[in-house]
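The next block holds one structure in the form of structure tokens; read it before the comments.
The values are calculated or read from the model by the stated rules, or taken from the named source; none is laboratory data. Predicted model only: the values in this text are computed from it and were never measured. Every residue, glycine as well, gets a Cβ built from its backbone with ideal geometry; the counts of neighbours run over all protein chains shown. Note: accessible area is taken over every heavy atom of the protein model, side chains too, but ligands, DNA and RNA are not part of it. Shrake-Rupley method; radii C 1.70, N 1.55, O 1.52, S 1.80 Å.
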Amino acid sequence: MHIMSKNLLIIESPNKIETITKYLKGDDFKIMATIGHIRDLSTRGMGFDEKTLEPKWIIPTGKKKGIRNEKTKQQIINEIKAAANKAEKIYLATDPDREGEAIAWHVYEVLSDKDKAKCFRITFNEITKPAILKALEQPRKIDIRWVESQFARRILDRLVGYRLSKLVRDKMRGTSAGRVQTVALKFIYDREKEIERFKQSKWWTVDAVLENNAKLILRELSTSLKEKVNLFKGEDSEGSGIDFADEPSAKLVVDTLGKEFKIYAIDDPTQKNSNPREPYKTSTLQQDAINKLGWNVGKVTMVAQHLYEGIRVKGEHTALISYPRTDSVRISTSFSDLAKEFILKKYGEKYYQMRYFANKKKNDDNVQDAHEAIRVIDPFTTPESLKSIITREEYSLYKLIWIRTIAAYMTPARYETTIVRLQNKDCKFYTYNRRLIFDGYRSIYQHYEDNEKEYDIQIAKLKVGHIQKMLSIEAKEHTSMPPPRFNQASLIKALDEAGVGRPSTYRSMANMAVERGYAKLESRAYMMLPIGNTVVEGLNQYFPEILDKEFTKKMEEHLDDIANHDEKWKEWIRDDFKPKFDKELVTAQDEMKKAEPEEVGRPCPVCGKPLIYRRSKRTGVQFIGCSGFPACKYAEFPNSPKRVILDEKCPLCGKNLVERTNKRGQPFVGCSGFPKCRYIKKVDKDGKVIEFKNIGNSFKKRTGKIKKSSRKEISTNKKKTKS
């Protein structure tokens, strides 16, 4: 296929440029990246007109810290507009989701009318030559329905998040609240309440082991024993055996039984298939990587993005997996054919089974059908072929995805189970033999699934009438356990099953509770903190519907309906959602009592007022501060390295010097009057003072310039003077 010269292809991430460039070699293409969003909602007020809900878009200023040579959004826009003016065709190839559709729309909106006429929207779920060329052959217009659905999501997040956050700060001394993330916090809170309400129960079983190590399960008591024992009738026990309500009952059975068991029946063998799981979607990939690789959700997201955008393999940038943010488990016919070819060649015909994977949620077939499951690009690119080329993290995640993808098209594993029934003193027991008779998909899956195991009791040696000697027997105590606390994997699973959130939000939902100081992670499990309980209980009292998972699920369905053109976004928010929310907000502001600060129990060493626990509005980090703030700004940070006060005075201001630590963790001596006094003491390797220096003054002496922060302050003061 020959593409017309002077084409402009616009993508989101610059990391894709090298990969795509090699696929369009020979064609006159210029590829540029937006580096995410080029416009955002205004940071003034709500960022939209509260009457019309019309968004107010701005071009963000400034650069991200720590990134060298980064361009501003205005510079990126200027470069795109200049390239668009010279191009004959403009292809907007941002990511294939609603957010990507919105980014494409923003690029389209900043162009001139002349250049808008040259714009085409294309999408591809994998960065391969066939996928890109096919996308170029199927250009379309921007789907304004998807864009409006993204508008609605952003407006709702601002509408709910900004107002609830203000309420939380003013009334509960929290940091913030959000439309979806607070629901995730409610999940953690509800689980903690389940644990608090849990009532422990105990029961006993009779556990016997035969000389061939077969474990026996008691199924029926003798008539004489039935009248003498107390049976456990709770719902906590598991298995198909008999459970006893107390230890004496179980011990009575143990003492009654003899040393030999007689086989009175062997059931005919039965066969059962173990089927492979469907391909990954975002939530299931995150769960597996967290559980099996020991990662956190942020790391999973980052490494998956690397594999999608492309990494250097044998000197070339190569994409290894399809788009990693998807709710879909569907796989394209072209890849299914490739998977079939690989399995037939590598394992043989008996290992291949064609499957079709359908989406299960209400609107997935329409809204997300452009997506596929998360899969590898090429089955023939095995994990082992990449092991020495890519990083250990990339290899681990790629192997997980490769195995899940290939296994999905393999035949089931087949197991044969035989039940053996035994008798002792008119009490009946059973055991079983389980063996794998065909490995199927487990030929590649065995390292990742432990719930399917063989259990060999040497069935061929057993016959009806045989006597089996007892190896051991005991009355074993069992204790019911409370439901486990959520970890990141189980929380994402619960949110996904409840229909709360979407692939792009799982990461923030899993991190929010800890980042905002509402919970902490202990042994990878969420533990609610007092401030988190206060926020959930306060919001749940006045906004029960917003914190309800069913309501959040319905809101996601509304967003799907907007994307499907079944609903108009402004009318829904303005007429259905906003009036009720506004009314609840007024009630909460009027009735909610302001939470009293938690006192530390000692006075401020500066002014004598009580010290209280406070929390940073910006970071959510808890610290100890003076209740007299802002008049007294004394603060302690218990989690920060302790400062050692020296018996030495600052030569500039006379206050005590202290031992401090810089951002790199390196110790130094500075003034306790920081930031007003910026004196630091330099010493040589022998500990002798070699230089006295005031950083704040020396900057101007060395450069003849004023620091940006100071220049901004001077400018502000000038404006105040003029006014």
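Here is how the numbers come out for the structure above:
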read-out: Subset of region 583-616 (residues that are in contact with a helix residue (DSSP H, G or I) (Cβ under 9 Å, 6 or more places away or on another chain) and in a helix (DSSP H, G or I)); value: GLU584, LEU585, THR587, ALA588, GLN589, GLU591
read-out: Candidates ASP170, ASP157, ASP190, filtered to the one that is over 27 Å from ILE562 (Cβ atoms), open to solvent by 30 Å² or more (accessible area, probe 1.4 Å), modelled with pLDDT under 95 and among the acidic types (Asp, Glu); value: ASP170
read-out: Test: residue in region 356-374 that is outside any loop (DSSP other than H, G, I, E, B), more than 27 Å from ASP560 (Cβ to Cβ) and at pLDDT 95 or above; value: no
read-out: Subset of region 287-303 (residues that are within 12 Å of the chain's Cα centre (by Cα) and open to solvent by less than 10 Å² (accessible area, probe 1.4 Å)); value: ALA289, ILE290, VAL297, VAL300
read-out: Qualifying residues in region 156-213 (those that are in a helix (DSSP H, G or I) and hydroxyl-bearing (Ser, Thr, Tyr)) - the one nearest to ASP49 (Cα to Cα); value: TYR162
read-out: Enumeration of residues in region 600-613 that are touching a residue at least 24 places away in the same chain (Cβ under 8 Å) and either open to solvent by 50 Å² or more (accessible area, probe 1.4 Å) or acidic (Asp, Glu) (or both); value: PRO605, VAL606, CYS607
read-out: Every residue from region 560-593 that is in contact (Cβ under 8 Å) with a residue 40 or more places away in the chain and acidic (Asp, Glu); value: ASP560, ASP561, GLU584, GLU591
read-out: Cβ pairs under 8 Å, 6+ apart, first in region 55-66 and closer than 15 Å to ALA102 by Cα, second of a type in the set (Ser, Thr, Tyr) and modelled with pLDDT of 65 or more; value: LYS56/SER42; TRP57/SER42; ILE58/SER42; ILE58/THR43
read-out: Scope region 461-502; condition touching a strand residue (DSSP E or B) at 6+ places or on another chain (Cβ under 7 Å), open to solvent by less than 30 Å² (accessible area, probe 1.4 Å), aliphatic (A, V, I, L, M) and part of a loop (DSSP other than H, G, I, E, B); matching residues; value: LEU462
read-out: Selection count where residues are open to solvent by less than 30 Å² (accessible area, probe 1.4 Å) and without any contact (Cβ under 8 Å) to a residue 40 or more places away in the chain, scope region 386-406; value: 2
read-out: Within region 407-432, considering residues that are part of a strand (DSSP E or B) and closer than 13 Å to LYS272 by Cα, the one most open to solvent (accessible area, probe 1.4 Å); value: ARG414
read-out: Flag for GLU556 being open to solvent by 30 Å² or more (accessible area, probe 1.4 Å) and of a type outside the set (A, V, I, L, M, F, W, C); value: no
read-out: Positions within region 222-266 being part of a loop (DSSP other than H, G, I, E, B) and without any contact (Cβ under 8 Å) to a residue 40 or more places away in the chain, in sequence order; value: GLU227, LYS228, VAL229, ASN230, PHE232, LYS233, GLU235, GLU238, GLY239, SER240, GLY241, ILE242
read-out: Selection from region 98-110 of residues that are open to solvent by 10 Å² or more (accessible area, probe 1.4 Å) and either modelled with pLDDT of 95 or more or under 19 Å from PRO14 (Cβ atoms) (or both); value: GLU99, TRP105, TYR108, GLU109, VAL110
read-out: Among the residues listed as GLU349, GLU316, the single one being open to solvent by 30 Å² or more (accessible area, probe 1.4 Å), modelled with pLDDT under 95 and among the acidic types (Asp, Glu); value: GLU316
read-out: Any hit, region 37-57, residues being surrounded by 16 or more Cβ atoms within 10 Å (Cβ to Cβ), modelled with pLDDT of 90 or more, in a loop (DSSP other than H, G, I, E, B) and touching a strand residue (DSSP E or B) at 6+ places or on another chain (Cβ under 8 Å); value: yes
read-out: Residue count, region 565-594 (criterion: open to solvent by 30 Å² or more (accessible area, probe 1.4 Å) and farther than 21 Å from ASP49 by Cα); value: 8
